[in-house]
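Derivation of every value follows stated rules applied to the coordinates shown; laboratory data play no part. Predicted model only: the values in this text are computed from it and were never measured. With ideal geometry, Cβ positions are generated from the backbone for all residues, glycine too; neighbour counts draw on all protein chains shown.
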Amino acid sequence: VRYELRARFRRANFCHCSRCRKHSGAAALAQGRVPASAFTLLHGRELLVNFTEPGHMAKVFCGRCGSSLFGGTWPEGPEVSVRLGTLDDDPEIRPSYHSFVEDVPAWDQLADDGLPRYSQLPPSDVS
Ligand SMILES: [Zn+2]
């Protein structure tokens, strides 16, 4: 799967919600939001698997290698949530907050990195 972004990320964060944690297989999922109009899927559409539970954000992954790729309201909506770990280049944005820290598991220390933490979504997050 290959994709191209033609705009800067609007925002980026670490999400610790149980769905993102399981989607990423890690302590948190690092994601950035780009306008959907600036996103182009170049290759591999047939490999995408969209796991969306009713009432929750999409979790899209590669059915061949298992990489967590996209989320949000995929494939509709004004923004695409891109998993920062899938990027080849520096996104020139850094995650600026932690969301859903109420879901941080007992085994995660969540070291103090100086970023704001929200028990669920920050007030400014429209998703
Ligand atoms: Zn999440």
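When +1 charges are put on Lys and Arg Cβ atoms and -1 charges on Asp and Glu Cβ atoms, the dipole computed for segment 1-124 relative to its Cα centre reaches about 220 debye.
Antiparallel beta bridges, as assigned by DSSP with both residues in the chain, represent about 90 percent of the total such bridges. Of G72, A30, H16, which is farthest on the positive side of the dipole of the chain, counting Cα position, with +1 on Lys and Arg Cβ, -1 on Asp and Glu Cβ, and the Cα centre as origin? Working it through, the farthest residue towards the positive pole turns out to be G72. With Cα atoms defining each centre, segment 1-44 and segment 89-107 are spaced 12 Å apart in the structure. Contact order for the chain, expressed relative to its length and based on alpha carbon pairs under 8 Å spaced 6+ residues apart, stands at 28 percent.
The trypsin sites (Lys or Arg not before Pro) found in segment 22-106 that occupy coil by DSSP, while having at most 12 further C-beta atoms within 10 Å, are R64.
The GNM of the chain, with springs linking C-alpha atoms under 10 angstrom apart, assigns the highest mean-square fluctuation among G44, G85, G55 to G55. Compared with the alpha-carbon gap, the fully stretched path from A38 to Q120 is longer by 26.8 nm at 0.36 nm per residue.
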